[in-house]
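Colleague: The structure is given below, and queries will be raised subsequently.
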Amino acid sequence: MIVRQVPWSDVEATTLREAQRVEVEARYGTPDSEPGPAPSADDITAFFVAYDDSGVPLGCGGLRELPGNEAEVKRMFVMPAHRGTGVSRAILLELELFGRERGWSRLLLETGDRQPDAVRFYEREGFTRIPNFAYYADSEHSLCYEKSLFAVDPASEISCEGCQ
């Protein structure tokens, strides 16, 4: 498997995002379940597609840069036939690497209460639940998460006199 950064307008990226929207519509019963502005070429900083060894697109994910040295994960999706094979993890690792290379402090994301598979995935990958933020603050179906992009050394938090 290979994960590549592609333009937002990439045909395969567009096809994957359309499949994601169809699935979300089926889960929530509405084509308009996005609490905030839908991501677009104007506000997505980076978009990635995972491919199998023969070049078939398997999944995607992007980042929307936010104020405060952080970014929001947007449009994470893996084709159903390829779930559980490491595709989502490979995409997320690329998103995290991209963020670290830019010096961003954390990634935020929103998923929905009718997406327990996504919730399990993000929690397994080290995201922790936070209060709903920004456009999601009043959304009854939104669940928001964060993950620090830089490990904190607990020893560096300890101060004492005479420590060497």
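Derivation of every value follows stated rules applied to the coordinates shown; laboratory data play no part. All figures in this text were calculated on a predicted structure; none of them were measured in a lab. With ideal geometry, Cβ positions are generated from the backbone for all residues, glycine too; neighbour counts draw on all protein chains shown.
Colleague: Sum up the charges of everything whose Cβ sits under 13 Å from the Cβ of ILE44, counting Lys and Arg as +1 and Asp and Glu as -1, but leave ILE44 out.
Modeller: Result for the neighbourhood of ILE44: -1.
Colleague: Let me ask you something else. Of the candidates VAL22, VAL119, VAL73, which one comes out as most mobile in a Gaussian network treatment of the chain with C-alpha springs shorter than 10 Å?
Modeller: Comparing VAL22, VAL119, VAL73 in the GNM, the peak value goes to VAL22.
Colleague: Rg and Dmax of the chain, Cα atoms, in Å?
Modeller: Spelled out, the Cα radius of gyration and Dmax of the chain are 17.1, 63 Å.
Colleague: Could you tell me the convex hull volume per residue, in Å³, taken over the Cα atoms of segment 6-77?
Modeller: In segment 6-77, the Cα hull volume divided by residue count equals 96 Å³.
Colleague: Taking the Cα atoms of segment 88-143, what is the range of coordinates along each of the three principal axes, in descending order and whole Å?
Modeller: If we take the Cα atoms of segment 88-143, the spans are 34, 23, 14 Å.
Colleague: Let me ask something else about it. Which distance in nm do the two modelled labels at ASP138 and VAL56 give, with both placed 7 Å along the Cα-to-Cβ direction?
Modeller: Label at ASP138, label at VAL56, 4.5 nm between them.
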